[in-house]
Every structure is written in structure tokens, then in C-alpha cells.
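Have a look at the structure below, then the notes.
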Amino acid sequence: MRSHYCGDLRASHDGETVELCGWVSRRRDHGGVIFLDLRDRNGLVQVVFDPDTVEAFALADKVRSEYVVRLSGRVRMRDEAVRNSKMSTGDIEVLGKELTILNEAETPPFELDAHSAAGEEVRLKYRYMDLRRPEVLKNFQFRSRLTHVVRAFLEGEGFMDVETPILTRATPEGARDYLVPSRTHPGSFFALPQSPQLFKQLLMVAGFDRYYQIAKCFRDEDLRADRQPEFTQIDLEASFVEEEDIMGITERMVRSVFKELLAVDLPEFPRMPFSEAMQRFGSDKPDLRIPLELIDIADLLAGVDFKVFSGPANDPKGRVAAMRVPGGCSLSRKDIDGYTKFVSIYGAKGLAYIKVNDLAAGAEGLQSPILKFLTEDAIKGILERTGAETGDLIFFGADKAKIVNEALGALRVKVGHDLNLVEGEWAPLWVVDFPMFEEDEGQYHALHHPFTMPSCSAEELKSNPAEALSRAYDMVLNGTELGGGSIRIHNPAMQRTVFEALGISDEEADEKFGFLLDGLKYGAPPHGGLAFGLDRMVMLMTGCESIRDVIAFPKTQTAACTMTNAPSPVDNKQLREVGVQVRKEEG
Ligand code: ASP
């Protein structure tokens with residue numbers, strides 16, 4: 001139906017007759033001539049209809065925004081004075097000769113130019129309209145190129161694309177499962193995969209050696225952060241490998257993606273143990289572009305007569321940390337109140353600070369509501385250890401270590417951005433030496449997942465699970481976890497030891513993971529892998545604010561699709577067929 005894409009026309013087409021198809025982006029009537037901006041996937045071009053092409057002119061007069069048309073015309077140069085250097089087709093226009101209306105369009109639910117006024121709810125309900133916006137489309141073109149580069153890279157490295165089931169058993173990655181009732185086995189349910197984890201391990205048992213998949217994963221989590229119930233991973237696994245192999249391959253993969261798509265040469269990927277990341281940055285995914293650090297000062301404050309500090313300083317699970325903000329004296333009372341509110345989201349009960357107005361002036365030069373509670377020695381120690389200088393501000397966190405880490409960790413990023421302290425554009429790193437387990441009220445949970453190989457022997461793991469480290473690694477970029485993986489357990493006895501530490505009995509292990517334990521019995525090679533969050537990677541590289549911007553049909557914050565109205569009730573017949581009865585909530 002067409003000879004060219006609208007957006008591809010240039011001065012080099014001057015004089016050519018072209019046939020175009022697309023949507024009317026705008027129609028303007030300029031005293032006797034009609035201008036249509038015609039839009040397709042590749043961009044916009046201006047088309048002019050003169051009254052002397054009587055029929056086409058009459059039709060052009062009738063079209064409205066978002067009508068679908070086909071037209072033919074001649075490309076001509078615009079007058080110098082009206083060339084538009086901001087448009088890729090801005091040097092030319094098309095003099096329209098013939099016009100066909102292929103389809104009419106009702107008044108759009110929102111003006112594409114005024115999308116932000118429409119609100120996300122409306123935009124998601126009419127997502128296909130939102131996707132017509134060139135800046136949205138651009139993200140999907142980028143995403144498509146990215147997966148292409150990834151596939152080419154991995155195929156080049158000998159990885160094989162294998163699909164794994166969507167209807168399966170639960171794979172624990174720490175979230176709730178989406179369940180699907182079975183009609184042929186009434187009362188039984190499939191779970192949608194939280195990841196292809198166990199299947200990819202079994203492919204290694206099968207001898208496939210190197211597997212990858214661009215895989216949909218499903219996790220029924222509370223959507224507080226920027227998460228989606230279904231999302232995509234670049235998932236991979238390889239046999240006869242150690243940490244260095246997987247980290248090496250995936251680092252090269254990410255480098256080539258950045259090089260090919262953004263022409264960026266990523267800097268070194270430093271390696272940082274989990275414990276160091278938590279200590280210095282309060283986070284296992286530190287944004288290394290921000291030069292602020294947490295500094296432990298519990299020892300300086302254990303003896304002060306101020307419970308807020310001495311309490312956590314003497315609590316083995318507590319932490320007291322300081323964070324020096326260079327030039328932070330410029331922060332107003334109002335700014336500090338704002339930050340106090342900000343850290344309260346993470347459970348911090350307050351945000352103490354000292355302003356160093358004049359370091360040389362001693363106590364006189366300091367300004368802080370907490371000075372009166374601290375000894376001279378403590379103050380001196382804090383100033384020395386943080387390296388504070390005149391003009392700086394020191395923030396404090398004192399609470400359970402988890403709260404201090406989360407609160408100061410997030411504050412560091414926020415203050416870093418607010419005060420323009422961000423250095424450099426891209427700061428990747430590997431976080432390594434994760435603990436095997438996290439403890440929560442006496443119960444251990446796998447920090448990565450239960451199939452991760454510990455760095456220690458089974459005996460050591462049994463005798464001291466809290467201290468055991470794992471052979472897991474995360475790739476972090478600009479404070480975002482791009483991907484994570486590990487060397488896996490490949491022998492059944494070790495796997496049982498880990499299940500036991502997690503409080504999973506032998507019977508439960510057999511019932512839930514018998515197929516894996518079986519597989520490990522029949523000659524499982526040493527293996528390991530990693531999975532990247534594709535949506536997050538695209539979001540970071542395109543500079544989008546939300547992963548919803550890079551998913552064609554995302555769910556809302558309440559895990560629903562307002563366009564299709566999913567999830568939706570089903571009729572009783574369907575429920576009966578799958579053996580499900582819906583319980584009416586009482587009251
Ligand atoms: N399956 C893991 C995850 O989704 C990644 C991996 O260990 O390969 O987090």
C-alpha cells in the first residue's frame with residue numbers, strides 16, 4: 001500500500017512521487033490550503049493539499065485527528081523560511097494529490113500531545129493510543145534492538161535458546177505464586193513460574209551445557225515499588241563453570257549491549273563483598289556514582305548518656321552510623337525536615353544532624369539539637385572519623401542495623417541527587433560473598449534462592465548457618481540490581497542440608513522438589529548461571545522512570561489490566577469445570 005514510511009522522507013526524495021499510509025496527527029486549515037501531519041512508525045511528515053486537487057482537498061477537509069489514511073503526492077523542498085530543523089523530515093513536505101480515508105477515528109480519549117494531563121489510568125486503559133506516541137514507541141524499538149544484541153551475543157557464545165513451561169510447579173524465588181486450576185486434575189493447581197530456575201538446572205543435568213531464554217516470570221508480590229507481576233528475564237545457565245566464567249560472560253554481554261546501543265564503554269566492574277556494601281552504603285546495590293558513605297561510630301557513642309544513640313550502640317543487632325554531606329550546611333531547616341520525613345518511610349524515628357559551620361571554632365562552630373547530649377570526646381571522634389570540614393553536615397542513623405541501612409542508604413541517594421553530587425554516568429559493580437541466609441524471627445530464608453551453593457562445607461553450614469556465605473553474585477548498575485545469579489548446588493546431599501537449614505523437612509523437600517533431587521542423583525554437572533531483569537535494563541538505558549514505560553501492556557499498581565479488565569470473575573460453569581468454588585468473604 002505504500003512506497004515509503006512518512007518518517008523516512010528527506011531532501012534526497014525531492015521530486016519523487018510517494019505513497020504513504022498512516023495516522024493524521026494534526027490537521028490545520030491555513031486560508032485555503034490544508035496541512036496534514038501524517039504519522040507512522042518512523043515519524044511525521046507534513047502533507048499539503050491545495051484546492052485545485054478538488055477531490056483530495058474535499059476529503060482532507062473531512063479528516064480528523066487519528067484518522068487512518070493513504071495518500072499519494074510529490075515530495076518538494078519547503079521554503080527556506082519554513083524549514084524545521086527539529087523534525088527529521090523538516091526540510092521537505094509532500095504535495096498531496098490523492099487521498100483515501102482507510103478508517104475513521106472517534107475523538108481520542110486523550111490528546112497524544114497532552115498525555116500527561118490524561119493521567120496514567122486513562123492512558124493504560126487506552127494503552128494502544130498511548131503507544132502511538134513517538135517517545136513511547138522509541139522505547140520499544142530500543143528494547144527490540146537490545147534483545148537482538150543479547151541473542152546474537154549469547155548464540156555467539158554457544159548458548160542455546162530453550163523454552164521452559166509456563167504451567168508448572170512453584171519455583172521459590174521469594175514471592176507468592178500465581179495459581180492456575182487444573183480441569184483434568186480437579187483440586188490441583190499449576191503455578192506460573194517465578195523464574196525458570198529449576199528447569200534450567202535440569203537442562204544442565206540433561207547436558208545442554210549452555211542455555212538461555214528471554215523468559216516471562218510471574219511473581220505475586222506487593223507492588224509497593226516499581227514492580228510488575230509479570231516481567232521478563234534474560235535467563236542463562238552453563239555447566240562446568242565457576243563464578244569467574246559466568247561473571248566474565250555476562251559482563252562482556254552487558255558491555256556489548258552498552259557499546260552497540262548507546263556507544264558507551266562501561267568502566268571497570270569493581271567487586272565488592274556484600275558486607276562492605278552494607279557497611280559503606282547501607283545497600284547491597286549501592287549507587288557508586290554518589291560519593292557519600294556511612295561511617296560506623298557505635299564505639300564512640302556506646303557510653304553517652306543519650307539512649308537514642310547508646311541503645312543501638314550497645315545492641316548487637318543495632319547500628320549507629322554517620323554520613324558526612326560535603327557542603328551540607330546549605331541545607332535549610334525545611335530541607336532537613338523533608339529528609340526526616342523521608343527516612344521515616346524506612347522506619348527511622350528521627351534524623352539527627354550536626355552542621356559544621358566553622359570547624360576551627362570548636363563547639364561554638366557546630367550547630368545541632370543533639371550537641372548537648374554528646375561528650376566532647378564523642379564529638380571530636382565523630383568529626384575526625386567522618387573527616388568533616390567547615391560547611392559540611394553530618395547526618396546520623398541509630399536503630400536496628402536494618403533500619404539504619406535502609407534509611408541512610410536511601411537518604412544517601414536522595415541527598416546525592418538533590419545536591420548534585422552524582423559523579424559520572426555509569427557505575428557498574430559486582431556484589432559478591434552474600435550470606436546464604438537471612439534470619440527473621442529465628443527462621444532462616446535463602447537470601448538468593450535455596451539452590452545456591454554455599455561457599456563452605458555442609459558441616460560448616462549446619463554448625464553455623466548464620467555466618468555461611470554463598471557463591472552468589474549480583475551485577476549492579478547505578479544503584480539498580482541488573483541481574484543476579486549463583487553457582488548452584490549439584491549434589492543431592494548438600495541440597496538436602498540447605499533445605500534442612502531452611503526448615504524444609506525431607507518429606508516436604510521430596511514432595512515439592514523431588515524432581516530436582518532426583519535429577520541431581522543422575523549425574524548433575526557443576527553448573528551456575530544468572531538472570532537479568534530485562535525491563536529494568538531497558539528502563540535504565542532509555543532513562544525511563546518506570547518499568548511500565550518499557551512494557552507494552554503493563555499492569556497497574558494493583559496488579560490489574562484496566563484495558564482488558566483482567567483479572568475478572570468467571571461464570572459458574574467455568575468454575576465447576578476446574579473444580580473451584582469461590583468463597584464469599586463474610587461481612
Ligand atoms: N533464578 C534467579 C532469579 O530469578 C536468577 C538465577 O539465580 O539465575 O533471581
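The values are calculated or read from the model by the stated rules, or taken from the named source; none is laboratory data. Not measured: the values here are computed from a predicted model. In this analysis, Cβ positions are derived from the backbone assuming ideal geometry, glycine residues included, and neighbour counts consider all displayed protein chains. Please note that ligands, DNA and RNA were not included when accessible areas were found on the heavy atoms of the full protein model with its side chains. Shrake-Rupley method; radii C 1.70, N 1.55, O 1.52, S 1.80 Å.
A few comments on the model shown:
Here's the yes/no breakdown for (1) in contact (Cβ under 8 Å) with a residue 24 or more places away in the chain; (2) charged (D, E, K, R):
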{"position": "82", "(1), (2)": "no, no"}
{"position": "96", "(1), (2)": "yes, no"}
{"position": "99", "(1), (2)": "yes, no"}
{"position": "104", "(1), (2)": "yes, yes"}
{"position": "108", "(1), (2)": "yes, no"}
{"position": "112", "(1), (2)": "yes, no"}
{"position": "117", "(1), (2)": "no, no"}
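- The stretch 147-178, residues that are open to solvent by 80 Å² or more (accessible area, probe 1.4 Å), under 23 Å from residue 209 (Cα atoms), charged (D, E, K, R) and in contact (Cβ under 8 Å) with a residue 24 or more places away in the chain: 151, 163
- Residue 388 open to solvent by less than 70 Å² (accessible area, probe 1.4 Å), touching a strand residue (DSSP E or B) at 6+ places or on another chain (Cβ under 6 Å), within 13 Å of residue 296 (Cα to Cα) and of a type in the set (A, V, I, L, M, F, W, C): no
- Test: residue in the stretch 469-488 that is more than 16 Å from the ligand (Cβ to nearest atom), surrounded by fewer than 18 Cβ atoms within 10 Å (Cβ to Cβ), on the phi < 0 side of the Ramachandran plot and not aliphatic (A, V, I, L, M): no
- When residues in the stretch 230-255 are screened for being surrounded by 21 or more Cβ atoms within 10 Å (Cβ to Cβ) and part of a loop (DSSP other than H, G, I, E, B), 1 of them pass.
- Residues in the stretch 503-517 that are crowded, with 17+ Cβ neighbours inside 10 Å and more than 15 Å from the ligand (Cβ to nearest atom): 504, 509, 517.
- Residue list for the stretch 445-465, filter: more than 14 Å from the ligand (Cβ to nearest atom), open to solvent by less than 50 Å² (accessible area, probe 1.4 Å) and touching a strand residue (DSSP E or B) at 6+ places or on another chain (Cβ under 6 Å): 454, 461, 465
- Extreme residue, farthest from residue 478 (Cα to Cα), among residues of the stretch 538-587 that are in a loop (DSSP other than H, G, I, E, B), open to solvent by less than 90 Å² (accessible area, probe 1.4 Å) and among the small types (Gly, Ala, Ser): 579
- Qualifying positions in the stretch 489-501 - of a type outside the set (Asp, Glu) and away from the ligand (no atom under 16 Å from the Cβ): 491, 492, 493, 494, 496, 497, 499, 501
- Selected residue (criterion: nearest to residue 12 (Cα to Cα)) from residues of the stretch 34-78 that are without any contact (Cβ under 8 Å) to a residue 60 or more places away in the chain and among the small types (Gly, Ala, Ser): 73
- Unmet criterion (only one of (1) without any contact (Cβ under 8 Å) to a residue 24 or more places away in the chain; (2) of a type outside the set (Ser, Thr, Tyr); (3) more than 18 Å from residue 79 (Cβ to Cβ)) for residue 31: (3)
- Test for residue 547: is it in contact (Cβ under 8 Å) with a residue 24 or more places away in the chain, among the β-branched types (Val, Ile, Thr) and within 12 Å of the ligand (Cβ to nearest atom): no
- Condition broken by residue 217, with the remaining ones in (1) open to solvent by less than 10 Å² (accessible area, probe 1.4 Å); (2) in a strand (DSSP E or B); (3) touching a helix residue (DSSP H, G or I) at 6+ places or on another chain (Cβ under 8 Å) satisfied: (3)
- In the stretch 566-587, the residues that are at negative phi form Cβ pairs under 8 Å with partners that are open to solvent by less than 80 Å² (accessible area, probe 1.4 Å), at six or more places apart or across chains, as follows: 566/560; 567/560; 578/181; 578/182; 580/181; 581/575; 582/575.
- Residue that is least open to solvent (accessible area, probe 1.4 Å), among those in the stretch 180-214 that are away from the ligand (no atom under 13 Å from the Cβ) and either part of a strand (DSSP E or B) or among the acidic types (Asp, Glu) (or both): 191
- Subset of the stretch 430-444 that is more than 14 Å from the ligand (Cβ to nearest atom) and within 24 Å of residue 517 (Cα to Cα) - its residue that is farthest from the chain's Cα centre (by Cα): 443
- Of note, residue 124 satisfies the criterion of being open to solvent by less than 40 Å² (accessible area, probe 1.4 Å) and either assigned to a helix (DSSP H, G or I) or basic (Lys, Arg) (or both).
- Any chance residue 74 is in contact with a Leu (Cβ under 6 Å, 6 or more places away or on another chain) and either at pLDDT 95 or above or at positive phi (or both): yes
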